[in-house]
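> Before I ask anything, let me first share the structure, which is written out below as structure tokens.
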Amino acid sequence: MANNAATSSEVRDLALYLSGASGIELDESKGYLFEARLRRIVDEQGCKSLSCLVEKARRDASGKLREALVDAISTNETYFFREAQQFTLLTHKLIPEHFEKRDPQRCRIWCAAASTGQEIYSVAITLKEMLGSFDKYRIQIVGTDISGSVLERASRGAYTQLEVSRGLSPERIKRFFVPKGNDWQISDELRSLATFQRQNLLEPAPALGMFDIVLCRNVAIYFSPANRKKLFANIATHLRRGGALVVSMTESLGAHSEPFVRREHRGVAYYELS
């Protein structure tokens, strides 16, 4: 493949396949990205072109090759307390308001694109700092992602020194992590709050249940308008009335806001299910 640049038609075919498999929209201009991220899989599959790879994925009844392609092409950029203003929103508005107005003891939070777990453990740290002890509470944080490999990493809760230093102070590292060889392991107490499962956000997921707060950040920007509408409609079916949806600071629901109402707290937007 190194000597055979992908043609425009091959890139379009692969983009169409990935859109159907994951909802991620990548156009013809992303040919360089396909070649860079899929080079190893192309070689492993004994292919000399992207067309060969797509054909193999379509014939693979196990779905393992499709999952490998989605894993490779997905953008899993994340770090602890990314967009810190939104964790301030959780601390001073969304979580206290939930306990005061809806349920004084129980809270379920969904991190819809959990990636390697930094977001979900940032939420867990936030709750620990707010509540002190969990003895009087029933807390569950559910992390989902379309990529099985990143969820395996998230479930382990182990991070390199570089990863914990992105977004965490030395005090937080010392308080909420334990050394594990050259890595840092999230504490058992915080790990016990989290569960993980693989999920395509464009597909129904009745087993997920209902949530009080949903974080779905840096996801919709990769979807077509039609898939964004489907994404937010799916989320609405899992959010209790009066619950809150938080998207990235660079995103908005726009034309797909119903049945959500845009709210703002100290300059940070969120969406309430009406």
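> Could you check residue 65 against (1) under 15 Å from the mean Cα position of the chain (by Cα); (2) in a helix (DSSP H, G or I) and say which number it fails?
Status for residue 65: all satisfied but (1).
> Every residue in segment 133-144 that is out of contact with any Cys (no Cβ under 9 Å at 6 or more places or on another chain) and surrounded by 15 or more Cβ atoms within 10 Å (Cβ to Cβ), please.
Selection gives 134 alone.
> Of all residues in segment 186-200, which are modelled with pLDDT under 95 and not polar (S, T, N, Q)?
Within segment 186-200, 198 is the sole residue that qualifies.
> Another one. For a quick check of your reading of the model, give me the residue pairs whose first member lies in segment 157-174 and is on the phi < 0 side of the Ramachandran plot and surrounded by 12 or more Cβ atoms within 10 Å (Cβ to Cβ), whose second is among the basic types (Lys, Arg) and part of a strand (DSSP E or B), with beta-carbon atoms closer than 8 Å and at least 6 apart or on different chains.
Matching pairs, first to second residue: 158/180.
> Considering every residue within segment 54-71, establish whether at least one is in contact (Cβ under 8 Å) with a residue 24 or more places away in the chain and among the hydroxyl-bearing types (Ser, Thr, Tyr).
no
> Could we say that residue 85 is closer than 25 Å to residue 186 by Cβ and of a type outside the set (Gly, Ala, Ser) here?
Yes.
Residues checked against (1) part of a loop (DSSP other than H, G, I, E, B); (2) under 17 Å from the mean Cα position of the chain (by Cα):
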{"site": "190", "(1), (2)": "no, no"}
{"site": "203", "(1), (2)": "yes, yes"}
{"site": "230", "(1), (2)": "no, yes"}
{"site": "250", "(1), (2)": "yes, yes"}
{"site": "258", "(1), (2)": "yes, no"}
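> Which condition from (1) surrounded by fewer than 16 Cβ atoms within 10 Å (Cβ to Cβ); (2) within 19 Å of residue 211 (Cβ to Cβ); (3) under 20 Å from the mean Cα position of the chain (by Cα); (4) not polar (S, T, N, Q) is the one that residue 235 breaks?
(1)
> Additional query: Is it the case that residue 194 is over 21 Å from residue 84 (Cα atoms) and in contact (Cβ under 8 Å) with a residue 24 or more places away in the chain?
Considered against the rule, which asks whether it is over 21 Å from residue 84 (Cα atoms) and in contact (Cβ under 8 Å) with a residue 24 or more places away in the chain, residue 194 comes out as no.
> Any idea which of 128, 93, 101 is within 27 Å of residue 273 (Cβ to Cβ), over 23 Å from the mean Cα position of the chain (by Cα) and either in the same structural domain as residue 207 (by TED's automatic domain parsing) or not acidic (Asp, Glu) (or both)?
None of the others qualify; the one that does is 101.
> Take segment 127-159 and flag every residue that is of a type in the set (S, T, N, Q), part of a loop (DSSP other than H, G, I, E, B) and modelled with pLDDT of 95 or more.
If the condition is that a residue be of a type in the set (S, T, N, Q), part of a loop (DSSP other than H, G, I, E, B) and modelled with pLDDT of 95 or more, then 133 is the only one that fits.
> State which residue pairs qualify: first residue of a type in the set (Val, Ile, Thr) and inside segment 103-114, second residue modelled with pLDDT of 95 or more in any location, beta carbons under 7 Å apart, and separation of 6 or more residues or different chains.
Cβ pairs passing all conditions: 109/123; 109/141; 109/211; 109/212; 109/213.
> To continue, here is another question. Would you mention how many residues in segment 205-224 are assigned to a strand (DSSP E or B) and under 18 Å from residue 117 (Cα atoms)?
Going through segment 205-224 one residue at a time, the tally reaches 3.
> Further question: Given 224, 257, which one is free of Cβ contacts under 8 Å to residues at least 40 places away in the same chain and small (Gly, Ala, Ser)?
When all the criteria are applied, what remains is 257.
> Sticking with this structure for a sec: Among (1) within 17 Å of the chain's Cα centre (by Cα); (2) part of a helix (DSSP H, G or I); (3) aliphatic (A, V, I, L, M), where does residue 162 come up short?
Residue 162 satisfies all of (1) within 17 Å of the chain's Cα centre (by Cα); (2) part of a helix (DSSP H, G or I); (3) aliphatic (A, V, I, L, M) except (1).
> Within segment 252-259, is even one residue surrounded by 13 or more Cβ atoms within 10 Å (Cβ to Cβ) and either out of contact with any strand residue (DSSP E or B) (no Cβ under 9 Å at 6 or more places or on another chain) or closer than 17 Å to residue 108 by Cβ (or both)?
So far as segment 252-259 goes, yes, one or more of its residues are surrounded by 13 or more Cβ atoms within 10 Å (Cβ to Cβ) and either out of contact with any strand residue (DSSP E or B) (no Cβ under 9 Å at 6 or more places or on another chain) or closer than 17 Å to residue 108 by Cβ (or both).
> Then there is this: Which residue out of 106, 59 is surrounded by fewer than 19 Cβ atoms within 10 Å (Cβ to Cβ), at negative phi and outside the structural domain of residue 203 (by TED's automatic domain parsing)?
Checking each option against the conditions leaves just 59.
The values are calculated or read from the model by the stated rules, or taken from the named source; none is laboratory data. Since we're looking at a predicted model, the values are computed, not measured. Ideal geometry is used to build each Cβ from the backbone, glycine not excepted, and the neighbour counts take in all protein chains shown.
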